[in-house]
Amino acid sequence: MADSRPRKKIKKGHSFYQIRNRVNKHQDLVSRTVENLYSDEWITFCFVKLIRCNAAYSCCFSKAWCVTKRNLDETDESKRAIVRFPSLFDVNLVKQFMNDTDDIESRITDSQLTAFKRLADFLDTIDETERVLKAWMHSAKKESVWATVLAVHVLRKLAVFNEMTIDSDYGYKQKECPCSCGTHINFGDNSIGHKDVWHGSLDILLGPVAVKVAPSDDESSEKSNSAFELETGELEECRNQLISQCITFSYLQNAGLIPLVSLSEHSLKIFLFDPKSDMLYESLELDIFDEFGHISLTAIIVLWLVINHAVFCTGVKDSHEKLGYTSDFKSLVQEENPVLPVYEKDLHRSGLKHVNSTVWKYTALYNIHNHDNLFSLDVFDAE
Ligand SMILES: [Zn+2]
C-alpha cells in the first residue's frame, strides 16, 4: 500500500520533469478525468456482505457460489454509503504530480514515477491502441482472443509490474498476440488456493494483479442462474467466481487490500478484498468505450490506478470499518467446517488444476438460499 512503503527519494529531477511534461501534454483530458473520480456517482464502490457461501468446502472456482447483499440494498439508510475512488487510491498524488505541488518531486517513489511513465506512454499512443482494439472487438470470435488483445494492449502497458501469464487452460493458445504485433505470450499454471477450500485457475496474472474474463454466451458452460437473470450487467453472471477468486487471491497475497479486475466485451468491474478487516468492495461496471466509440479515459485511469495498486492503493479507511459492513467471510468459513486457518496459512500457487471438488453436496442448499435472497441481488445502481 502506498502509505506503508518507504518512500525512496529521487536524486535527479530530470526524469521527474521529463515524465511530468509528457503526462501534462494530455493535461486537460487527464485533469478532467481525475476530477471526475471525486464526484461521479458511477465511478464508485459499494460494500458486499456474504450471506452464505461454499468457501469452507473443497470447491473449484467454477462451482463457487455465494449469496450476497450489497450495502446499497439495505433498508437501513445509515448503511447505504458509497466509496469514491480517492478514498481507496491516492488520486491526490496524481493532481500533485501534474501541478508540481506539495514538494512532490522529493516525495515520489521510483515505482510511482514509473507508473506515471506508463501512463504517458499509453496516452502518447492511445490512437493506435484504439485502432487495434476496435478492429479486434468486432472480429474476435472468442472472448479469450478479445481479452488477450485487451490485456496486451491496455492492461500490460499500464502496469509497473508488467510480467503477464495467461493460464495454460485458458481459451487463448497462440504464442503471440492475436493482432500480429509480435508480442510474446507467456503461458503457465495460474492456479491458486488449496484443495480443501476454494481453488482453481486465474485467467490472467499481471504482476500482483488477477484478471478474470467473463465468458461470452457461446463459451459459457453453465447457463445463467435464475437470480442473476434479474441483472443486466455483463459481469453479473460470473459474479460468484469473481468474488471467490478475489477473496482467495487476497488471502494468498496477504498484503492488504488486493484487487481483482474483471473484463467482459464492453466493460470492466473491480472487486477488492482485505483479509485483515474482512472488507469486500465492488465497483459498478465501467464501459471500456465512451458514447462516441473512443477508449474511455475514465476506464483507463481507473485501470491504471487499480493495476498499480501496490503504488497507489491507500488501503481500507477507518471510516469504512466503522460502517461495520464486513463481508463476514471469516465467520462463514468457521461456521460448519472451520477452515479459516487454511485461508490464512495454507494457500499456495500452482498444482491446483483439476482437483476434485466435493461441493456438489451443497448445491441444494444454494438453491434454497438463492431464492430467499432474490431481492438482495437485483438492485445496485438504483438510488
Ligand atoms: Zn497485439
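Read-outs throughout are calculated quantities, based only on the coordinates presented, and are distinct from any laboratory measurement. These numbers come from a predicted model, not from an experiment. Cβ: placed from backbone, ideal geometry, glycine included. Neighbour counts: every protein chain shown.
Please state the shape class of the range 98-200: rounded when a/c is under 1.5, otherwise prolate if a/b exceeds b/c and oblate if not, all from the C-alpha gyration tensor.
It is oblate, given that a/c is not under 1.5 and a/b is not larger than b/c.
I need the calculated FRET efficiency for the pair Thr358 and Phe187, taking r as the beta carbon distance and R₀ as 35 Å, to the nearest 0.05.
0.75
Mind giving me the nanometre distance, one decimal, between the label points for Asp102 and Gln334, set 7 Å out from Cα along Cα→Cβ?
Result: 3.8 nm between the two label points.
Using a Förster distance of 30 Å, how high is the FRET efficiency between Asp124 and Glu344, based on the Cβ-Cβ distance and rounded to 0.05?
0.10
Would you mind classifying the range 17-169 by shape? Square roots of the alpha carbon gyration tensor eigenvalues, ordered a ≥ b ≥ c; an a/c under 1.5 is rounded, otherwise it is prolate if a/b is larger than b/c and oblate if not.
Judged from the Cα gyration tensor, the range 17-169 comes out oblate (a/c at least 1.5, b/c at or above a/b).
Calculate, for Arg22 and Ser62, the FRET efficiency according to 1/(1 + (r/R0)^6) with r their C-beta to C-beta distance and R0 45 Å; round to the nearest 0.05.
That gives a FRET efficiency of 0.55.
Normalising by the residue count of the range 81-210, find the relative contact order in percent from Cα pairs under 8 Å and 6+ residues apart.
The normalised contact order for the range 81-210 reaches 19 percent.
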